[in-house]
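First up is the structure itself, then whatever we jot down about it.
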Amino acid sequence: DDRPSPSRQRPSNKRSSAAPPQSPASSSSNTTIVLHLDVDAFYCQCEERRNPSLATRPFAIGQKHIIVTCNYVARSKGVAKLMLRTTAYQVCPELKIIEGSDLEPYRRDARSIYNAFRGAVQMGLPGG
């Protein structure tokens, strides 16, 4: 569907008497900025930071009996999220599966990303 979504309607040629929209810098101090950051294969990226040698081999993060995420090397060999571990080993026998049931290391890394972006946003705002 190529139609623009309601929030992204094409501007019409009709003139409006409404005031033009203000940029965040010129609007009131109550401006809300929403920043959405999607870190693909986040758990894998966390593991690669701890062990850079993983970057060149297929690996996945497993919880219970499934693959919760995998790196791009593993994806190129047919491994996918939510795949059973047994199936993942069938499509990629050299796959390394790292147990990811302990979420605390990922929470620490997520907090670090959040704090970095929060600091960057605050530096860019008036009074920040």
Confirm whether L82 is of a type in the set (A, V, I, L, M), farther than 25 Å from V121 by Cβ and open to solvent by 70 Å² or more (accessible area, probe 1.4 Å). yes
Considering every residue within segment 62-77, establish whether at least one is under 20 Å from the mean Cα position of the chain (by Cα) and more than 18 Å from C46 (Cβ to Cβ). yes
Which condition number does S112 fail, the rest of (1) at pLDDT 95 or above; (2) polar (S, T, N, Q); (3) open to solvent by less than 80 Å² (accessible area, probe 1.4 Å) being met? (1)
Those residues of segment 50-63 which are open to solvent by 40 Å² or more (accessible area, probe 1.4 Å) and at pLDDT 95 or above amount to N51, P52, S53, T56, R57, Q63
Going through segment 64-78 in order, the residues found to be open to solvent by 60 Å² or more (accessible area, probe 1.4 Å) and either closer than 19 Å to A110 by Cβ or not aromatic (F, W, Y) (or both) are K64, H65, R75, S76, K77
Find the residue count for segment 30-49, including only residues that are open to solvent by less than 90 Å² (accessible area, probe 1.4 Å) and in a loop (DSSP other than H, G, I, E, B). 5
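The values are calculated or read from the model by the stated rules, or taken from the named source; none is laboratory data. All figures in this text were calculated on a predicted structure; none of them were measured in a lab. Quick reminder, even Gly has a Cβ in these numbers, built from the backbone with ideal geometry, and neighbours come from all protein chains shown. With ligands, DNA and RNA removed, areas are computed over all heavy atoms of the protein, side chains included. Shrake-Rupley method; radii C 1.70, N 1.55, O 1.52, S 1.80 Å.
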